[in-house]
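Down below is the structure, laid out as structure tokens.
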Amino acid sequence: MNRVRLLTGGATLVGLPASLAAGPALAAGAVAGEVEKQAINPLAIGMFLAFVLITLGITYWAARRTKSAKDFYTAGGGISGFQNGLAIAGDYMSAATLLGLTGLIFLKGYDGLVYAISFLVGWPIILFLMAERLRNLGKFTFADITAYRLGRTQIRTLSACGSLAVVSLYLIAQMVGAGKLIQLLFGMDYEYAVVLVGVLMMAYVTFGGMIATTWVQIIKACMLLFAGTFMAIMAMAQFGFNIETLAIKAVEVHKIGDGIMAPGGLLGDPVSAISLGMALMFGTAGLPHILMRFFTVGNALEARKSVVYATGFIGYFFLVVGILGLAAIVIVGTNPEFLNADGSLRGGSNMAVMHLAQAVGGDIFFGFISAVAFATILAVVAGLALAGASAVSHDLYASVFKKGDVSEAKEMRVTRIATLGMGVVAVGLGILFENQNIAFMVALAFGIAGSSNFPVLILSMMWQGTTTRGALIGGFIGLITALTLVVLGPAIWVQILGFATPIFPYEHPAIFSIPTAFVAIWFFSITDRSAAASKEKEAFPAQYVRSQTGLGAEQASAH
Amino acid sequence: MSLTATDKILKDPDFQTLTSRRSRFAWLLAGIMLTVFYGFILVVAFVPDLLATKVAPGATLSIGWPIGAAIIILSWVLTAIYVRRANSEFEALNNKILENAK
């Protein structure tokens, strides 16, 4: 069997934010070097096939219910708050949080928990300041909101490009992570794994639209919550359900000993720490596939409920992850079966939770958790592909290119073609980037989401003074600032381009680029004295009333 | 959706009450969350040893873990508090406003 290399360490394996500030330090720590590709694991494959069959069945059922564009993009607005909460939680509980965060706690102890917290606290803020406005103003994509009263063509193009950039970067990171993970868990070749993910993703989205995408996400979230809970209980049973006993054992056996009980060097300087916090908090509020979920519920009341459920599920899951990480230190870290000759973890530290599954639940549970990890990736890429395809068909094609003069059937056909296009591109880039460090893509995705999408979105909703010129120039400046600083930062300048020291020393530009975008939008709006600008300001009260009360907001479809 | 409905709502004193009460409440909760989170991040960055303090003399577990768990639980509790009020008091007022604007 050919040998594969885990090039990307830490959560960069699956390309999600646990890698964000951790960057080089984490990567260096997590790379286990050469790892043997797993032998074919029939049990895991069997369970995974069962999952695929069930989800394809759901896709078939969803396809029959997907009649209008509204059904396709937003499941007809008929998802309940509870269901949407699970789906949002599913988007958040990616393979990165399951594998990356437990791996980080396994490796560094307390630092992993700091990450988990940073990852969660954006949700209350989204609820307090955005959720009901999003639901009341939105239709299919978040560009519907930014283009509500501002110059349709320009602002929609900006928002659509912002969406596409974020979605593509994220998608590539997910594809590369998926390929590596599947190779490791199922003993499948990288190219086949990537193609398989691409094909299934296209099937879910093209035929089942948002209904199928949401249900795949819900099922996976339930599987993940169940698996995590089961594992935590089995693991804690070994410590008499006493967290102090667990802590004593963990400190005893860990390389850095008592160091796992306090923050280490991961977030050493305050600028990095705050920048990471901002990137995760505001970046989340600018992720198109997350924003889109707010349009799938019937009204603002359900939208609010969905955040409570989502925050509850995610928070619970992160607490479980904390226990799993600590338990893995003792149960996995001391078992020679899971270690290489030099004492490092087989398969890299991302595999900590997988080994833990094996240790506490045996082969059957290991098979189950492998299937869950694969299901997780599928569900997340499907959501991303749908968000990207919507930006192409609804924003660029129907609204900008055709100026809204296009039939619903035609628009949906374009969405399906766009989905296939996204799939082909994702597979192609996934294979192309196989041996690249993908950490920078995630940094870029969050940088763009937080520094361009988010400021334009929030100011267009909350500040009457926002004009097309301000939003356009400001959004663009935010984009350029984020891009430039990521390129000049450690992720690209040092790791990709090979320079010795980065020109911009921080992994995350958020602390600089987000305020820059806000100031730029403000400045270019107040200096905008055009007639169009005063018209846009006049249109604000109507938008304000709708955002606050839901007057004239999109209703759920009848069926 | 007609202009008149919008104008009616803008003049409705209940609408002023709704928006000012709701935004004050939302910003208060957001303020609590931001203060707690960035306070925590500043402790992580400047005085990490504080979080290494043991939960009890002779214990191994540091206070950092229960504090972290408390922040996670607080995030959820704050969302629940907001939605409890938003989906009862504010929602009722909202429906009244929409009814009056018809």
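The values are calculated or read from the model by the stated rules, or taken from the named source; none is laboratory data. Because the structure is predicted, anything quoted here is derived from the model rather than measured. As a convention, Cβ positions derive from the backbone with ideal geometry for all residues, glycine included, and neighbour counts pool all protein chains shown.
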Sole exception among (1) in contact with a helix residue (DSSP H, G or I) (Cβ under 6 Å, 6 or more places away or on another chain); (2) touching a residue at least 24 places away in the same chain (Cβ under 8 Å) for residue A:421, by number: (1)
Options A:178, A:147, A:193: the member that is hydrophobic (A, V, I, L, M, F, W, C), crowded, with 23+ Cβ neighbours inside 10 Å and at pLDDT below 85: A:178
Residue in region A:300-323 that is assigned to a loop (DSSP other than H, G, I, E, B) and of a type outside the set (A, V, I, L, M, F, W, C) present: no
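Look through A:380, A:392, A:414 and report the one residue that is within 18 Å of the chain's Cα centre (by Cα) and of a type in the set (A, V, I, L, M, F, W, C).
Checking each option against the conditions leaves just A:380.
Hey, can you tell me all the residues within region A:64-84 that are assigned to a helix (DSSP H, G or I), under 30 Å from residue A:407 (Cα atoms) and either of a type in the set (S, T, N, Q) or within 25 Å of the chain's Cα centre (by Cα) (or both)?
Correct list: A:69, A:70, A:71, A:72, A:73, A:74, A:75, A:76, A:77, A:84.
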Breaking point among (1) over 18 Å from the mean Cα position of the chain (by Cα); (2) away from chain B (no Cβ under 13 Å), for residue A:294: (1)
Qualifying position, being of a type in the set (Val, Ile, Thr) and over 26 Å from residue A:357 (Cβ atoms), among A:323, A:329, A:274: A:274
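Just need a number here: residues in region A:47-71 that are touching a Ser or Thr at 6+ places or on another chain (Cβ under 6 Å) and within 20 Å of residue A:220 (Cβ to Cβ). Talk me through it step by step, then tell me what you get.
Initially, region A:47-71 is screened for residues touching a Ser or Thr at 6+ places or on another chain (Cβ under 6 Å), giving A:70.
Now drop any that are not within 20 Å of residue A:220 (Cβ to Cβ), which leaves none.
The total comes to 0.
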Residue within region A:260-272 that is within 18 Å of the chain's Cα centre (by Cα), among the polar types (S, T, N, Q) and facing chain B (nearest Cβ under 9 Å) present: no
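Based on this model, can you work out whether residue A:304 counts as more than 11 Å from chain B (Cβ to nearest Cβ), within 30 Å of residue B:83 (Cα to Cα), in contact with a helix residue (DSSP H, G or I) (Cβ under 7 Å, 6 or more places away or on another chain) and surrounded by 24 or more Cβ atoms within 10 Å (Cβ to Cβ)?
no
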Residue ranges of helices (runs of 4 or more DSSP H) in region A:105-202 with at least 3 members within 14 Å of another protein chain (Cβ to nearest Cβ) and within 22 Å of residue A:86 (Cβ to Cβ): A:110-120, A:122-126, A:132-137
Number of the exception - residue A:226 against (1) crowded, with 19+ Cβ neighbours inside 10 Å; (2) closer than 17 Å to residue A:375 by Cα; (3) of a type outside the set (Ser, Thr, Tyr); (4) without any contact (Cβ under 8 Å) to a residue 24 or more places away in the chain: (1)
